[in-house]
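J.: Could you have a look at this structure, given as structure tokens, before my questions?
The values are calculated or read from the model by the stated rules, or taken from the named source; none is laboratory data. Here the structure is a predicted model, which means the values were calculated and not measured. Note: ideal-geometry Cβ built from the backbone for every residue, glycine included; neighbour counts use all protein chains shown. The protein model used for the area step is the full one, side chains on, heavy atoms only, and it has no ligands, DNA or RNA in it. Shrake-Rupley method; radii C 1.70, N 1.55, O 1.52, S 1.80 Å.
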Amino acid sequence: MPRQSPETAAEPAADGGRWRTRPETAADVAAVRAVNLAAFDTPLEADLVDALRADGAWLPGLSYVAEGPDGSVAAHALLTRCHVDGAPALALAPVAADPALQRSGAGSAVVRALLAAAAARGEALVLVLGHPSYYPRFGFVPASRYGIRAPFEVPDEAMMALVLDDSVPVPAGTIGYPAPFGV
């Protein structure tokens, strides 16, 4: 079977195809906002996605959705450009799933597809501040193993890194987030 480009192909997830994953389109913007609003207690993450869309850190093709069987947006995950002491990296944030579909695999499917798309583009490093019992399933480990730290106080196990290309040296230092993150 020929390999499809992650920027243009809809790919079934490793969960047997229950969740169709694909890059976000302009038609998904309202649904992506709705999923982020529903998934979090405040509108901060939904507002962050909107602000990142207008920022230079936005990377076309690295905002992904998972579709439910009816074609609706079930989950969303976003990678934007950040830096570690000047070296390029990606920030994974936010990741959201419709609350009615949480724990169904939609969030995992969209994260896996997004990470595969980033690897296919030649990206080398992804960073996430997240739940230490969730992100290791994708290969994330504490960022401190690489000498990477957040620009603010955070529990060591919550700031994680995933090396996508081990032929590229992993930079050490402090993460520089895009301006919309507010840090």
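J.: Given the options A30, A51, name the one that is over 23 Å from A158 (Cα atoms), in contact with a Pro (Cβ under 7 Å, 6 or more places away or on another chain) and either open to solvent by 30 Å² or more (accessible area, probe 1.4 Å) or modelled with pLDDT under 95 (or both). Before the answer, list the steps.
T.: Details: A30 fails: in contact with a Pro (Cβ under 7 Å, 6 or more places away or on another chain).
Of the residues listed, the single one that is over 23 Å from A158 (Cα atoms), in contact with a Pro (Cβ under 7 Å, 6 or more places away or on another chain) and either open to solvent by 30 Å² or more (accessible area, probe 1.4 Å) or modelled with pLDDT under 95 (or both) is A51.
J.: Please verify whether the range 123-130 includes one or more residues that are in a helix (DSSP H, G or I) and hydrophobic (A, V, I, L, M, F, W, C).
T.: First pass over the range 123-130, keeping only residues in a helix (DSSP H, G or I): none.
No; the residues of the range 123-130 include none that is in a helix (DSSP H, G or I) and hydrophobic (A, V, I, L, M, F, W, C).
J.: So, one more: Mind checking whether some residue in the range 125-139 is open to solvent by less than 30 Å² (accessible area, probe 1.4 Å), over 26 Å from V168 (Cβ atoms), under 12 Å from the mean Cα position of the chain (by Cα) and not hydroxyl-bearing (S, T, Y)? Lay out the reasoning, then the answer.
T.: At the first step, the residues of the range 125-139 found to be open to solvent by less than 30 Å² (accessible area, probe 1.4 Å) are 125-128, 130, 135, 138.
This time we only want the ones that are over 26 Å from V168 (Cβ atoms), so: none.
Taking every residue of the range 125-139 in turn, none turns out to be open to solvent by less than 30 Å² (accessible area, probe 1.4 Å), over 26 Å from V168 (Cβ atoms), under 12 Å from the mean Cα position of the chain (by Cα) and not hydroxyl-bearing (S, T, Y).
J.: Then there is this: From L78, L101, which residue is touching a residue at least 24 places away in the same chain (Cβ under 8 Å) and under 9 Å from the mean Cα position of the chain (by Cα)?
T.: Details: L101 fails: under 9 Å from the mean Cα position of the chain (by Cα).
When all the criteria are applied, what remains is L78.
J.: Then there's this: If a residue must be among the aromatic types (F, W, Y) and in contact (Cβ under 8 Å) with a residue 40 or more places away in the chain, how many such residues does the range 150-164 contain? Before the answer, list the steps.
T.: Step one: filter the range 150-164 for residues among the aromatic types (F, W, Y), giving 152.
Still in the list and also in contact (Cβ under 8 Å) with a residue 40 or more places away in the chain: none.
Residues that pass the stated criteria total 0.
J.: Same structure, new question: Looking for whichever is surrounded by fewer than 15 Cβ atoms within 10 Å (Cβ to Cβ) and of a type outside the set (D, E, K, R) here; the options are G107, G68, G122. Which one fits?
T.: Numbers: G107 fails: surrounded by fewer than 15 Cβ atoms within 10 Å (Cβ to Cβ); G68 fails: surrounded by fewer than 15 Cβ atoms within 10 Å (Cβ to Cβ).
G122 is the lone residue from the list that is surrounded by fewer than 15 Cβ atoms within 10 Å (Cβ to Cβ) and of a type outside the set (D, E, K, R).
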